[in-house]
Structure formats: C-alpha cells, structure tokens
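Below is one structure, written out as structure tokens; the observations come after it.
The values are calculated or read from the model by the stated rules, or taken from the named source; none is laboratory data. All of these numbers come straight from a predicted model, not from anything done at the bench. All Cβ positions, even for glycine, are placed from backbone atoms using ideal geometry, and neighbour counts span all protein chains on display.
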Amino acid sequence: MKVRPAEPADSEGMSLVLQEILALWKSDRPYSAGHVRSFYVEHPDRIECSVAVADDGAILGFQSLKIAKDGSGWNVPTGWGIIGTYVKLAAGRQGIGKALFAATRQAARAAAIAHVDATIDENNALGLAYSEAMGVRTYRRESGMISKVYAVSP
C-alpha cells in the first residue's frame, strides 16, 4: 500500500469506498464519483486529499483536509483544518488510517494549520476509536455529533 495525493481519476474508487460506508450508516449523503471529485478531490477549500492505494491499484481509503473559512458553514473556527476519513470496511485495522493521518498531519504543518477538527457521529464507534488512537480529542458535543480536535505541533 502507498499513500499519495488524490487525483481526479481516483474519484470512482473513492466513491466505492464512500458508498460502502454510507450504506453501513444508512445515510443518504451523496457518494457519486462526480460528488467525490468536487467535494473532496477538487474542492476549493482543499488543503490535501490523500488516498491509500493497494498494490493492485484499488483505493483502500482516503482522507480529506480542508480549511475552515468565514461563512463556510462548518461550525469550526476560521483557519482550522477539517478532516474526513473513509477506509474500506474490509481493509480496517491494517494501518491505512494511520498512514493517511500521517500524510494529513504533514499537509497541515506545511499549510501552517494549528488545529484540525474531526466531527464524528456519536454512533460511529470505529471513527471515534480511530480519532482517539490518532490523538484527536473531544472538545464539543452537539446534535448527536462529537467534535474532536487535533493540535498540530510544528
């Protein structure tokens, strides 16, 4: 497995990962390749979007890092980073999330981001456990969501 920046051609594989996770969550959020491309790969607030790629070229997971801007609607302080992490269910517990987080941490440092938010559904036990393992700590709870923050050290 290798981790690299996401490219538009990765959108289909990323979409499959997202579709599987959203089905588990019984979520009606969009997951099409076009949505993934515009919301993660080419989003104007993107700092980095990394993909974990298997030796056979399959996308195993991805992590998006965006910057919170005034009026962005993220409910996160302006200038903070915002991450979203998605790993193929069958590929969990193989170090993929850890490798993606390492790339995100490096991108946050390069962009001089001091704090990164991860807001996770309170029922997403896997996501909550992953964020804790990465050193992301709870700072707010509201509306069934738990907001966690990672302090990026220089």
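Some observations on this one:
- In the stretch 19-46, of all residues being among the small types (Gly, Ala, Ser) and part of a loop (DSSP other than H, G, I, E, B), the one that is modelled with the highest pLDDT corresponds to SER32.
- A single entry from PHE39, PHE62 fulfils the requirement of being out of contact with any helix residue (DSSP H, G or I) (no Cβ under 9 Å at 6 or more places or on another chain), within 14 Å of SER15 (Cα to Cα) and among the aromatic types (Phe, Trp, Tyr): PHE39.
- Unique residue being modelled with pLDDT of 95 or more, of a type in the set (A, V, I, L, M, F, W, C), within 20 Å of ARG29 (Cα to Cα) and surrounded by 21 or more Cβ atoms within 10 Å (Cβ to Cβ) when the list is LEU100, LEU65: LEU65
- Of all residues in the stretch 137-145, none satisfies being at pLDDT below 95, in a helix (DSSP H, G or I), surrounded by 12 or more Cβ atoms within 10 Å (Cβ to Cβ) and among the aliphatic types (A, V, I, L, M).
- The lone criterion from (1) outside any strand (DSSP E or B); (2) polar (S, T, N, Q); (3) modelled with pLDDT under 95; (4) within 26 Å of GLU12 (Cα to Cα) left unmet by ASN75 is number (4).
- Close pairs from the stretch 139-154: first closer than 12 Å to HIS115 by Cα, partner at pLDDT below 95 and loosely packed, with under 10 Cβ neighbours inside 10 Å, Cβ under 9 Å, at least 6 apart: none
Let's see how each residue does on (1) free of Cβ contacts under 8 Å to residues at least 60 places away in the same chain; (2) in contact with a His (Cβ under 8 Å, 6 or more places away or on another chain); (3) closer than 18 Å to ILE120 by Cα:
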{"position": "ALA33", "(1), (2), (3)": "yes, no, no"}
{"position": "VAL36", "(1), (2), (3)": "yes, no, no"}
{"position": "ASP56", "(1), (2), (3)": "yes, no, no"}
{"position": "ALA68", "(1), (2), (3)": "yes, no, yes"}
{"position": "PRO77", "(1), (2), (3)": "yes, yes, yes"}
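- Test result for ALA90, more than 15 Å from the chain's Cα centre (by Cα), surrounded by fewer than 20 Cβ atoms within 10 Å (Cβ to Cβ) and either among the aliphatic types (A, V, I, L, M) or at negative phi (or both): yes
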